[in-house]
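The structure appears right after this line, and notes come after that.
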Amino acid sequence: MASVIPYTSVNYPETDGKPMGETDVHIKETMRLRQLLERHFAGQRVYVSGNLLVFYEQGNPRKFFVPDVFVVKGIEPGDRRFYKLWVERRPPSAILEVTSRKTKKQDTVVKPALYRELRVPEYFLFDPTQDYLDPPLQGYRLAGADYQPIVPASDGAMESEQLGLRLAPEGKHPELYRLDTGERLLTAEEALRVEAEARRAAEAELARLRELLGRGGAP
């Protein structure tokens, strides 16, 4: 009689037990970048996440990495407990890491080697305190079997082919600009502020025109 191999389910953890970021600056920047990308890709078949365990070897819950922010094109968005490469069948299209003192070696040595093996097309690093990376914004694009540095413009900005965005280091933030329109991506708070300012300007102009008409004058 043939022996029966019992099925053993694998428990994939939902956290690595490490803090989200080293400092408030790093945590806020990670959340900001994720929000910008979520708003930009809303309504598209693009998944945006961050600080989520990404498992890359089926059956081995120890084989994972945790990107600060990552984008996967061509799959449905939606909440996930973790990301399994063999289930989704797509590696991240682009990964953004917010580098700190504790993560510099991981971000500049360990992770690039793994991302290259997993065929992640683009990889960006940003140092919001400008203490650990020079220049503070760095990018790499997969070319053949290895990563090649993305040559920045004179202002330190660089283009992401995968995201369709221009990343520009401006102070403590990498601002994101659309390649097709040149528009800067806004957070929800910034968008509300811009809308409020536009509404006030429109109301002021309407009041001015009404006053002129009341006087019988021309605009």
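If the requirement is being more than 18 Å from the chain's Cα centre (by Cα) and without any contact (Cβ under 8 Å) to a residue 12 or more places away in the chain, which of these qualifies: L206, L133? Spell out how you get there, then give the answer.
Working: L133 fails: without any contact (Cβ under 8 Å) to a residue 12 or more places away in the chain.
Of the residues listed, the single one that is more than 18 Å from the chain's Cα centre (by Cα) and without any contact (Cβ under 8 Å) to a residue 12 or more places away in the chain is L206.
Per-residue answers, yes or no, for (1) closer than 16 Å to V71 by Cα; (2) of a type outside the set (G, A, S); (3) touching a helix residue (DSSP H, G or I) at 6+ places or on another chain (Cβ under 6 Å):
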position: T108; (1), (2), (3): no, yes, no
position: P128; (1), (2), (3): no, yes, yes
position: D134; (1), (2), (3): no, yes, no
position: Y140; (1), (2), (3): yes, yes, no
position: A143; (1), (2), (3): no, no, no
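For residues that are surrounded by 12 or more Cβ atoms within 10 Å (Cβ to Cβ) and assigned to a loop (DSSP other than H, G, I, E, B), scanning just the range 16-43, find the one that is modelled with the highest pLDDT.
This residue is F41.
Which residues, counting only those in the range 73-114, are of a type in the set (K, R) and assigned to a strand (DSSP E or B)?
K73, K84
Out of the range 77-96, which residues are hydrophobic (A, V, I, L, M, F, W, C) and loosely packed, with under 11 Cβ neighbours inside 10 Å? Break it down stepwise before answering.
The initial filter retains those residues of the range 77-96 that are hydrophobic (A, V, I, L, M, F, W, C), namely 82, 85-87, 94-96.
The answer is W86, and nothing else.
Suppose we filter R166, R80 for residues that are more than 14 Å from the chain's Cα centre (by Cα) and of a type in the set (K, R); which single one remains?
On inspection, the qualifying residue turns out to be R80.
The values are calculated or read from the model by the stated rules, or taken from the named source; none is laboratory data. Keep in mind the model is a prediction, meaning the values are calculated, not measured. All Cβ positions, glycine included, derive from the backbone under ideal geometry; neighbour counts span all protein chains shown.
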